[in-house]
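The values are calculated or read from the model by the stated rules, or taken from the named source; none is laboratory data. Since the structure is predicted, the reported quantities are computational estimates derived from the model, not experimental observations. Because the Cβ atoms are built from the backbone with ideal geometry, glycine has one as well, and the counts that use them run over all protein chains shown.
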Amino acid sequence: MKCPVDGNVPQMTERHGVEVDYCPECRGVWLDHGELDRVADHAMAADKSRPAGGNDAKTRPKKKARVVPDRSHGWRG
């Protein structure tokens, strides 16, 4: 498989038990069937483990990259 954006060969990494294919050049990400649900479950569990009420720099989540749909090539971040 090649990245549909730039033609590079995606690399694979594992994050929290989920295999993620990504393009090292354009940073596109591909997930297999069911993996998005596993990522969402992990994020919800992590959110529940945070202390309630804190909104200072130590407890506030870091800004994440925005992911937008690219209708011709799938999801890109």
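Which residues, taken from the stretch 22-49, are outside any loop (DSSP other than H, G, I, E, B) and touching an Asp or Glu at 6+ places or on another chain (Cβ under 8 Å)? Correct list: Val29, Trp30, Glu35. If you scan the stretch 19-77, which residues turn out to be more than 23 Å from Asp6 (Cα to Cα), more than 16 Å from the chain's Cα centre (by Cα) and modelled with pLDDT under 65? Hits for the stretch 19-77 are Gly53, Gly54, Asn55, Asp56, Ala57, Lys58, Thr59, Arg60.
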